[in-house]
Amino acid sequence: MASKIENEAVFESVLDRLAAGLSLEERVAANKAGADVFKQALHDATPRSDTFYTKGTVHLQDAIVEEIAPSGRVEVGFSAKSQRGYIARFQNDGWVATDRNGKRHKQVPGKHFWEQAEHTSKGRVQEAVKKSLKATLDRKVGR
């Protein structure tokens, strides 16, 4: 039975690095890996019109951006500059059609592309985050 730990100093330094936790950059890298997968799935699921826009207006697919919060959180959505977020909301959720007199007509069903993107990318997002965190932990352990 062994009564001594071999390479005790190396073992202690590995434990110290793991105890330090994840830095902000490492959290951002892991979250960004997942956000990139979701962003691509959202781009693929977002409807694209055949309209040719002028004067800087962009299609919904081209208005998808990601923002990094100071906490390390990465959020995916539609850019404020493009002013297309409200259009995306109507397309996703649907709306009640009204005429110019304010009379309500039929309910226009939503396409639910956001939910579809979440559903189709869930496993791949988790796998991308897991892969990024595993690479970080392997580097900290020294593999």
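Exceedance of the 19 Å cut-off in Cα-Cα distance is limited, within the set LYS32/LYS81; LYS39/LYS122; LYS32/LYS131; LYS32/LYS134; LYS32/LYS130; LYS81/LYS122, to LYS32/LYS81; LYS81/LYS122.
What does the helix-only formula give at 222 nm for the chain: each DSSP H stretch with n ≥ 4 adding -39500 (n - 2.57), the total divided by the residues, and the result rounded to the nearest 500 deg cm²/dmol? Walk me through the numbers on the way to the answer.
Numbers: 4 runs with 72 residues, N = 143.
Counting only the DSSP helices, I get -17000 deg cm²/dmol.
Close amide H pairs (under 5 Å, H built 1.01 Å from N) link PHE78 with VAL65, residues at least 5 positions away or on another chain. Counting only the backbone N, which residues of the range 79-102 are under 13 Å from the spot 7 Å out from the Cα of PHE52 toward its beta-carbon? So the set is empty, nothing qualifies. Using the Cβ-Cβ distance between LYS134 and ARG73 with R0 set to 25 Å, the FRET efficiency works out to roughly 0.80. In the range 40-143, a dipole from Cβ-located charges (positive for Lys and Arg, negative for Asp and Glu) runs towards its positive end, and of LEU42, HIS59, GLY123 it is GLY123 whose Cα lies farthest in that direction.
Give the Kirkwood hydrodynamic radius (Å, one decimal) of the chain, defined as one over the mean of 1/r across all pairs of different Cα atoms. Display every interim value, and only then the final one.
Details: mean 1/r = 0.0533 Å⁻¹.
It works out to 18.7 Å.
Every number here is computed from the coordinates shown, using simple stated rules; none is lab data. Since the model is a prediction, treat every value here as computed from it, not as a measurement. Methodologically, a virtual Cβ is constructed for each residue, glycine included, from the backbone with ideal geometry; neighbour enumeration extends over all protein chains shown.
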